[in-house]
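Each remark here refers to the structure printed beneath this line.
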Amino acid sequence: MLIAMRAIEAAGSSGCTSVGTGVIVEIFNDSERGRALSWYTAMPIILTIFAPIISGLLTDHLGWRSVFWFYVLCYIALFFGVIFLLPETLSRKRLNRVKDVNQATITLPELPSLSTATATNKARNCCDQLNFGRAMVINPFKSLKLLKYLNLLLTSFYVAISMGTNYATNTSFTWAYSKIYHFDSITVGLCFIAGGVGYCLGAYVAGVLSDRIYQKQIRQAKETGQDIYPEMRLSIPVLGIGVIFMCGGYISYGWCIDKNAHFTSGMISQLFAQFGLMLWVCFLTVYATQCFPGHGTSVQACFQFVKHSIMTVALMTVIDLQNALGYGILYSIIAGVLAVTSNFVFYIKKNKKKWKNQRV
């Protein structure tokens, strides 16, 4: 029963994550979208740092059931916040759809007994009924059709393996600091704060640099009369620094735990790894949503599908793998995979015209 209810809860939370991306894309323009999406992407990860602290306090003082009641109250507060504080972003689209229907040319069979106005009204009613019928048929996998585009597939895959590594690291972090360093649940939660600092710094730097680099590239393209591509956001130097921090942090974390180094060494390693992680995740998220204007929700749905598929495997195997290989070897291998697969960004930037032609 607990697993079944957890699956239902996960389905709802994933849907909110996807819809939220669409809202962000609608509200913010290109010059602000990098910072907005970076913080939106980072906040769920940052809050996972405070979750162990809150859960530990509630469990120690009120029992484990109090954790679930606390989250219910939080969800209720968020629900009313969305209803009363979040601006509507669908009104523009509705107006455009009505305009399209009014301007549409519809071919009708011969109706000699009907006036032109009557025929037009009947045609519009037919369109409305057809659109309503289509809307009633829900295909939950419709968004995944975007994965046929190789640039989105590669981007989703790299975000998935990097986030899968992150969650696997968090799982092993809790286990290691409980079993090796013998910390209680509250102290383990406090140790996560170092990683949270890395998340915040990475999100801030990624958001600022993403918008700044893109605006600079646009100005240069306009001055030279060149086309503008979403791939202009992908800065090789910045992402190169990010992969060094991320992979170096994971290698350092693995060997520090493996050699039973001072507990602060693992925390500092986490800080560097999470900083590099957020540089990559934020840059790639903004890039992917800009590749498919008007489909931000579908893009995030693709990210969520690929990410959670890989994360499920990672979380199920990380403890067994670290027991078989050791922390040092395991995270050295993972860092090597992240470093090698990061080269896909060169392929994406090189074929920017190809991706644009596919989207047309």
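The values are calculated or read from the model by the stated rules, or taken from the named source; none is laboratory data. Note that the structure is predicted; figures quoted are calculated from it, not measured. Positions of Cβ are generated from backbone atoms using ideal geometry, with glycine treated the same way; all protein chains shown enter the neighbour counts. Surface accessibility is based on the protein's heavy atoms, side chains included, excluding ligands, DNA and RNA. Shrake-Rupley method; radii C 1.70, N 1.55, O 1.52, S 1.80 Å.
I need a count of the residues in the range 306-360 that are small (Gly, Ala, Ser) and farther than 21 Å from LEU277 by Cβ.
2
Please go through the range 328-345 and pick out each residue that is within 21 Å of the chain's Cα centre (by Cα) and part of a helix (DSSP H, G or I).
So the first thing to find is which residues in the range 328-345 are within 21 Å of the chain's Cα centre (by Cα), and the list is 334-335, 337-339, 341-345.
Hits for the range 328-345 are ILE334, ALA335, VAL337, LEU338, ALA339, THR341, PHE344, VAL345.
For the range 15-56, which residues satisfy the criterion of being open to solvent by 40 Å² or more (accessible area, probe 1.4 Å), assigned to a helix (DSSP H, G or I), closer than 16 Å to VAL208 by Cβ and at pLDDT 70 or above?
Within the range 15-56, GLU32, ARG35, TRP39, TYR40 meet the criteria.
From the set of residues in the range 310-339 that are within 15 Å of ILE161 (Cβ to Cβ), open to solvent by less than 30 Å² (accessible area, probe 1.4 Å) and of a type in the set (Gly, Ala, Ser), which is modelled with the highest pLDDT?
ALA335
Can you tell me how many residues within the range 315-330 are of a type in the set (Ser, Thr, Tyr) and within 18 Å of GLN270 (Cβ to Cβ)?
Our first condition is that a residue be of a type in the set (Ser, Thr, Tyr); within the range 315-330, this holds for 317, 327.
Now drop any that are not within 18 Å of GLN270 (Cβ to Cβ), which leaves 327.
Residues flagged as of a type in the set (Ser, Thr, Tyr) and within 18 Å of GLN270 (Cβ to Cβ) within the range 315-330 amount to 1.
Read through the list (1) out of contact with any Phe, Trp or Tyr (no Cβ under 7 Å at 6 or more places or on another chain); (2) open to solvent by less than 40 Å² (accessible area, probe 1.4 Å); (3) within 20 Å of ASN323 (Cα to Cα), then give the number of the only condition that TRP175 fails.
The one condition TRP175 does not meet is (2).
Determine if the range 179-200 includes at least one residue that is of a type in the set (D, E, K, R) and within 28 Å of the chain's Cα centre (by Cα).
Taking every residue of the range 179-200 in turn, none turns out to be of a type in the set (D, E, K, R) and within 28 Å of the chain's Cα centre (by Cα).
Inspect the range 295-309 for any residue being crowded, with 18+ Cβ neighbours inside 10 Å, touching a Phe, Trp or Tyr at 6+ places or on another chain (Cβ under 9 Å), polar (S, T, N, Q) and under 18 Å from SER156 (Cβ atoms) and give the result as yes or no.
yes
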